[in-house]
Amino acid sequence: MFYRGERLPDLGPLKLPITVPGRALDFSRAAFAAPVVHARVASVFSELAAEEVQTLPVEIEGQPEPFFILVATQLIQCIDEQVSRHIKKWTPEDGRPEKLGKYRDVRGMRIDSSRVGDAKIFRPQGWAIVLIVREDIKDALERMGATGTTFEEV
C-alpha cells in the first residue's frame, strides 16, 4: 500500500522491527520498498514537495528518534523502454497470467521526461519499487549529508 501512488487513510500507530542491526540511516527501505526516513529527511520532502508526499509516523524498535514512512502520492507512466538498458516483461511461459505484460525486471531505467511534467517525487507506473526525485530534492539531501541515499540519473 505504500507504493501505490496514493494518499493513505489514517493507519493508526505504525511500528517496525529492526531487521538490520547497526546505526540508523536517515533513509532506508522497509519491506516492499517502503521508504523509512528520519524526521529531518521528511522535512525536506515536506518543504520541497508537500503536495506530492505523505509522511506517516512510525515507531522503530529501540530507536528514540522520530521516523516516518514516506509515501509518494503519484505514479507516472514514464519508463522509456526503447532507451532503458534492460526491460523484461512477464510472458505466458512464466505461468503468471495475472502479471502478463507487466514489468518483471528493469535495469538501466530511463524515463521520458516529457511525461513527468512538474512532478518532484514519484514512482514510475509498472515499476513502483523505484522512487524518483527531482534534482533540487537530491541536492538538498546531499547538502544535509543524509545517510542511506543513493542516486542514479534516469
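The values are calculated or read from the model by the stated rules, or taken from the named source; none is laboratory data. Please read these numbers as outputs of a predicted model, since none were measured by experiment. Don't worry about glycine lacking a Cβ; one is built from the backbone with ideal geometry, like all the others, and counts go over all protein chains shown. These accessible areas exclude ligands, DNA and RNA; they are computed on the full protein's heavy atoms, side chains included. Shrake-Rupley method; radii C 1.70, N 1.55, O 1.52, S 1.80 Å.
Here are a few things to note about the model shown:
Results for (1) at pLDDT below 95; (2) touching a strand residue (DSSP E or B) at 6+ places or on another chain (Cβ under 6 Å); (3) more than 19 Å from residue 129 (Cα to Cα), shown as yes or no for each residue.
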{"residue": "69", "(1), (2), (3)": "yes, yes, no"}
{"residue": "82", "(1), (2), (3)": "no, no, yes"}
{"residue": "86", "(1), (2), (3)": "no, yes, no"}
{"residue": "90", "(1), (2), (3)": "no, yes, no"}
{"residue": "96", "(1), (2), (3)": "no, no, yes"}
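- Scanning the range 137-154 for residues that are in contact with a Leu (Cβ under 6 Å, 6 or more places away or on another chain) and more than 30 Å from residue 102 (Cα to Cα) returns a single hit, 147.
- Test: residue in the range 89-97 that is hydroxyl-bearing (Ser, Thr, Tyr), open to solvent by 40 Å² or more (accessible area, probe 1.4 Å) and either under 29 Å from residue 55 (Cβ atoms) or under 19 Å from the mean Cα position of the chain (by Cα) (or both): no
- Residues that are of a type in the set (D, E, K, R) and closer than 16 Å to residue 135 by Cα within the range 113-125 comprise 118, 120, 123, listed in sequence order.
- Boolean, residue 105 is outside any strand (DSSP E or B) and surrounded by fewer than 18 Cβ atoms within 10 Å (Cβ to Cβ): no
- The set of residues in the range 130-148 being open to solvent by less than 50 Å² (accessible area, probe 1.4 Å) and among the hydrophobic types (A, V, I, L, M, F, W, C) consists of 130, 131, 132, 133, 137, 140, 141, 146.
- Verdict on residue 27 being within 26 Å of residue 127 (Cα to Cα), modelled with pLDDT of 85 or more, in contact with a helix residue (DSSP H, G or I) (Cβ under 9 Å, 6 or more places away or on another chain) and not aliphatic (A, V, I, L, M): yes
- Selection within the range 1-39 - aromatic (Phe, Trp, Tyr) and surrounded by fewer than 11 Cβ atoms within 10 Å (Cβ to Cβ): 32
- Of the criteria (1) closer than 20 Å to residue 7 by Cβ; (2) over 16 Å from the mean Cα position of the chain (by Cα); (3) in contact (Cβ under 8 Å) with a residue 12 or more places away in the chain, which one residue 118 fails: (3)
- Residue 111 satisfies every condition listed in (1) surrounded by fewer than 18 Cβ atoms within 10 Å (Cβ to Cβ); (2) in contact with a Pro (Cβ under 7 Å, 6 or more places away or on another chain) except (1).
- Residue ID - surrounded by the fewest Cβ atoms within 10 Å (Cβ to Cβ), chosen from residues in the range 48-66 that are within 17 Å of the chain's Cα centre (by Cα) and in contact (Cβ under 8 Å) with a residue 24 or more places away in the chain: 57
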